[in-house]
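The values are calculated or read from the model by the stated rules, or taken from the named source; none is laboratory data. From a predicted model like this one, the values you see are computed outputs, not experimental measurements. Please note: Cβ atoms are built from the backbone with ideal geometry, for glycine as well, and neighbour counts cover all protein chains shown. SASA here: full protein model, heavy atoms, side chains in, ligands and nucleic acids out. Shrake-Rupley method; radii C 1.70, N 1.55, O 1.52, S 1.80 Å.
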Amino acid sequence: MCGLFIPRHFSLRKVGMVTMRKKLSQEERQALERLRHSAAHVMADAVLTLFPEAKLTIGPPTEEGFYYDFDVPRPFAPEDLARIEEVMRQRVTADLLFVRREVSREEALRLFAGNPYKVELIREVPEGEAISTYTHGSFTDLCRGPHVESTGRIKAFKLLSAAGAYWRGDERNPMLQRIYGTAFEAQDDLDQYLQRLEEAQRRDHRKLGRELDLFSIHDEVGPGLVIWHPKGATIRSLMEEVWRAEHRRRGYQLVYTPHVGRARLWATSGHLDFYSENMFPAMELEGAQYYAKPMNCPFHIMYYQSAMRSYRELPLRVGELGTVYRYERGGVLHGLMRVRGFTQDDAHIFCRPDQVEEEVLGVLDLTVHLLGLFGFREFEVRLSTRPAKHVGEPGQWKMAEDSLRHALEGRGLQYEVDEGGGAFYGPKIDLDIRDAVGRAWQCTTVQFDFNEPQRFALTYQGPDGRLHQPYMVHRAILGALERFLGVLIEHYAGAFPVWLAPVQAVVIPIADRHNEYANSVEQTLKDRGLRAEVDDRSERMQAKIRAAQLQKVPYMLVVGDREAANGAVAVRLRSGEDLGALPLAQVVQRIVDEVQARG
RNA sequence: GCCCGAGUGGCGCAAUGGCAGCGCACCCGAUUUGUAAUCGGGUGGUUGGUGGGUUCGAAUCCCCCCUCGGGCUCCA
């Protein structure tokens, strides 16, 4: 079965987090981790002070800060965080030393005898590895360290939130209470981080989606199912247009396939065996069962199989903006980012062994190009290789992995390797984009599939006259249009570049007597293919400008007596810049040029 | 799914056991305005549920369900 698996406990925060803009050196990162880990200890100290019955579990530093999980009788309330923070400040002011002590396994077990979590951890420490505790003031915790010298070092910190979390992330385990916080070397860094958090909230696509009238989600329809409003649909269809054009240019065959298919198909593909918990339940029709498609691959395979294939036809690149439906558990749905019905910019490449590398390279070229069009130039790339449990031959895997590696290197992309992190059916490349706030989002995935060609017994006739099995590469570049648009909204904070803006220009008549001229301006713009509107409400010009600003319309064209007399428009940009009165023809050309340059 | 929190006109909020209210949006009227909100009037909610309970009385307290929000291994 083909790809786009998402881990069960995929956390949006994990990929969508607000990271530091500047790259830290190895030493700087370790120093920061030490500071945050120490802050976690001070927090645990404070929690024990206020809630003596709390049991400590784990409290690591994270990329954004730190957390500590506690076993407590009742969950923490927001007021508790303030009190905990208060006690933490006292500890920081007291400037207590962190003291390391190595202990024997027996002593450690004795020290933490009342705490089953710590006991479990101690038992897991490998034989021969030192077990240590760290103490500051009257607080001692089992800890590998290292820590800062003293609590006085922890000046810039803040507790952020409390939430439930399972012991070791496993829902079969007891639920603990987690407190998140963050700490930085300098107050300045902390302030900047908090500002970025606010900025991220300001850009929240759910908020902007409503304010800019882009989409809505309704109880009546169902959670995770999106209604695109005209303005959101405009952006989406523009995305689709460039996508299609770019794919045709690169030799993709574009198809349309149904949204449902018979159970037999999904049995053959393996989805019923391995993916059914993510599928909508079956519908019954004329005694046969049908499923909404969670993936497009079986349909693309049907196209492949609709004729005898020759080696001369390969590579066959079959693409589709294919809408799929997946059951996502209630708690993980999130605006456009995580939905139950979404459209993948999907394609499957069927090719010969000697074509594999070039095909992967082609996909990466297309990826860099397409993402670049939408303003993304920073990527994080991960290559995932063969896991212990897998299908296919070692030779196939090696060839596939090599081709992925070579393509990445050929394209000059830096990447990390996740050894054994591939799917059971093939190795893959995942690519995250970084948005304007510095957050990473997973979009692109390129996955080999050694499973389905076999299950469907795909063949092509080679020059030797015999039948061979093609390689199959599954790939999505934007990922899901819904998520990509969500990312795009936040990336641009709703102020889309002119070529994507749902309304590119609003014509603002100053008084009713200018409406006629305003309408003619609008028509001129529309005749040149631009998306324009007239605000002919009986409002003051200031109010119309405000409305257009809030809608983040790139061009505001004010027309009054002077402009009407001269065939001109007074141009205001959404930046607030006033270009003054210009001949209409000149302004139209400017906007058209900007659209053409995809500015 | 699990923990915590929240659901009040289209949107943002108020009312904490005693008459459901405000702002924006929308509609009507007046106004005709030169770069981020003109004035006045009006329509609109059986408070997520054609759920259950407590009470003389429920937006408010309790239970169930639904939806949304923050989280749910970056292992001492």
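A simple charge model with +1 on the Cβ of Lys and Arg, -1 on the Cβ of Asp and Glu and nothing else charged puts the dipole of the range A:342-471 at about 200 debye relative to its Cα centre. Relative to the current alpha-carbon distance between A:Glu241 and A:Ser132, full extension at 0.36 nm per residue lengthens the span by 33.2 nm. When all protein chains stay in place and ligands, DNA and RNA are ignored, the 1.4 Å accessible-area order of A:Met472, A:Met541, largest first, is A:Met541, A:Met472.
Applying a DSSP loop filter and a limit of 16 other Cβ atoms within 10 Å to the GluC sites (Glu not before Pro) in the range A:35-94 leaves A:Glu53, A:Glu63.
The tail of the calculated P(r) for the range A:204-269 beyond 21 Å holds 52 percent of all Cα-Cα pairs. Note that the range A:221-376 presents 42 Å² accessible area per residue, ligands and nucleic acids not counted, probe 1.4 Å. Computing the accessible area with a 1.4 Å probe over protein heavy atoms, can you report the carbon and sulfur percentage for the range A:326-461? Of all accessible area on the range A:326-461, carbon and sulfur atoms account for 45 percent.
Across the range A:339-497, the volume of the C-alpha convex hull divided among the residues equals 127 Å³ per residue.
Averaged per residue, the range A:54-181 has 51 square angstrom of accessible surface, using a 1.4 angstrom probe with ligands and nucleic acids left out. Coupling constants for the range A:240-245 follow from the phi torsions by the Karplus curve (6.51 cos²θ - 1.76 cosθ + 1.60, θ = phi - 60°), and in residue order they are 5, 4, 5, 4, 5, 4 Hz; glycine and proline get x. With a simple spin-label model that places each label point 7 Å from the Cα along the Cα-to-Cβ direction, the separation between A:Asp593 and A:Val119 comes to 7.7 nm. Rounded to 0.05, the FRET efficiency of the A:Glu286 and A:Val221 pair, given R0 = 25 Å and the Cβ-Cβ distance, is 0.40. Looking at the range A:444-582 alone, DSSP beta bridges between its own residues are antiparallel in about 65 percent of cases.
Accessible surface area normalised per residue over the range A:461-599 is 44 Å², counting heavy atoms of protein chains with a 1.4 Å rolling probe. Largest accessible area first, the listed residues A:Arg36, A:Arg466 line up as A:Arg466, A:Arg36 when surface is computed with a 1.4 Å probe on the assembled protein chains. Here is the list for the range A:275-352: GluC sites (Glu not before Pro) lying in DSSP coil, each with at most 14 other C-beta atoms within 10 angstrom of its C-beta, are A:Glu286. For chain A, the alpha carbon positions stretch 87, 75, 51 Å along the principal axes, listed from largest to smallest.
Relative to one another, the C-alpha centroids of the range A:227-259 and the range A:301-323 are positioned 19 Å apart. When you filter the GluC sites (Glu not before Pro) in the range A:109-196 for DSSP loop state and at most 16 other Cβ atoms inside 10 Å of their Cβ, you are left with A:Glu127, A:Glu129, A:Glu149, A:Glu171, A:Glu185. Would you mind pulling out the separation of the Cα centroids of the range A:343-377 and the range A:185-216, in Å? With the range A:343-377 and the range A:185-216 each reduced to a Cα centre, they are spaced 32 Å. Whole-Hz Karplus values for the range A:175-184 come out as 7, 9, 10, 9, 10, 9, x, 9, 8, 9 Hz, taken residue by residue from phi with 6.51 cos²θ - 1.76 cosθ + 1.60 and θ = phi - 60°; glycine and proline positions read x.
With a point put 7 Å past each Cα toward its Cβ, work out how far A:Gln26 is from A:Leu111 in nm, to one decimal. Between A:Gln26 and A:Leu111, the simple spin-label model gives 3.0 nm.
Checked against a 30 Å cut-off, the cross-linked pairs A:Lys155/A:Lys207; A:Lys55/A:Lys207; A:Lys55/A:Lys389; A:Lys207/A:Lys428; A:Lys55/A:Lys158; A:Lys118/A:Lys389 give Cα-Cα distances beyond that limit for A:Lys155/A:Lys207; A:Lys55/A:Lys207; A:Lys55/A:Lys389; A:Lys207/A:Lys428; A:Lys118/A:Lys389. Using a cut-off of under 17 Å, list every residue of the range A:160-182 whose amide N is near the label point 7 Å from the Cα of A:Val72 along the Cα-to-beta-carbon line. A:160-167, A:175-182, by backbone N distance to the label point. Counting only protein heavy atoms and using a 1.4 Å probe, what share of the accessible area of the range A:539-599 belongs to carbon plus sulfur, as a whole percent? Roughly 48 percent of what the probe reaches on the range A:539-599 is carbon or sulfur. Only helices enter the 222 nm calculation for chain A: every DSSP H run of n ≥ 4 contributes -39,500 (n - 2.57), and dividing by all residues gives -11000 deg cm²/dmol, rounded to 500. Overall, the accessible surface of the range A:145-185 at a probe of 1.4 angstrom is composed of carbon and sulfur to the extent of 48 percent.
Ranking A:Val391, A:Val521 by solvent-accessible area of protein heavy atoms (1.4 Å probe, all protein chains present), from largest to smallest, gives A:Val391, A:Val521.
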